[in-house]
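What follows is a set of notes on a single structure, which appears directly below.
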2 protein chains.
Amino acid sequence: MCESTAYILKNGREELVLESVDVIENNNDGQVKLTSMFGEQKTIKARVKEFSLVDHKIILEST
Amino acid sequence: MCESTAYILKNGREELVLESVDVIENNNDGQVKLTSMFGEQKTIKARVKEFSLVDHKIILEST
């Protein structure tokens, strides 16, 4: 399974946003929509800074 | 294994950019750096439009 965990950088620390993320969509309005394998969705004002498939880790930063 | 294949949208069609992508980094200068599991790196002027871990597919679009 390839689901990853999304974190957002706040003051240099990683805060959990959503686990088991399956789909990441970058909207043109500076928002990122995350969808988990359980269908849970979160849209936050951020952009994907880094994504490591090896570590199963998505790092977001506020826009 | 979770490596994904990166494509860039050109005239509505998906063109292959890099296979077996392990790490995606979004630079602040509108460039995306992709690194494959074999250490191959590609930096292109684009942004991540959508990323589906289920389909192992990264869709980029030019910036």
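The values are calculated or read from the model by the stated rules, or taken from the named source; none is laboratory data. All figures in this text were calculated on a predicted structure; none of them were measured in a lab. So basically every Cβ, Gly included, is an ideal-geometry build from the backbone, and we count neighbours across all protein chains shown. Just so you know, the surface numbers come from the protein's heavy atoms only, side chains and all, with ligands and any DNA or RNA stripped out. Shrake-Rupley method; radii C 1.70, N 1.55, O 1.52, S 1.80 Å.
A few points about this structure:
- Only one entry of A:S36, A:S62 meets the criterion of being polar (S, T, N, Q), without any contact (Cβ under 8 Å) to a residue 40 or more places away in the chain and more than 9 Å from chain B (Cβ to nearest Cβ), and that entry is A:S36.
- Test: residue in the range B:4-16 that is closer than 23 Å to A:D55 by Cα, of a type in the set (V, I, T) and touching a residue at least 40 places away in the same chain (Cβ under 8 Å): yes
- Every residue from the range B:11-30 that is under 14 Å from B:S62 (Cα atoms), open to solvent by 90 Å² or more (accessible area, probe 1.4 Å) and more than 13 Å from the chain's Cα centre (by Cα): B:N11, B:R13, B:D29
- Filtered by the rule that a residue be surrounded by 13 or more Cβ atoms within 10 Å (Cβ to Cβ) and closer than 18 Å to A:V32 by Cα, the range B:38-56 gives B:A46, B:R47, B:V48, B:K49, B:E50, B:F51, B:S52, B:L53.
- Screening A:K45 with (1) within 24 Å of B:D29 (Cβ to Cβ); (2) within 13 Å of chain B (Cβ to nearest Cβ) gives one miss only, at (2).
- Looking at B:E19, B:E14, just one residue is more than 13 Å from chain A (Cβ to nearest Cβ) and farther than 23 Å from A:A6 by Cβ, and that residue is B:E14.
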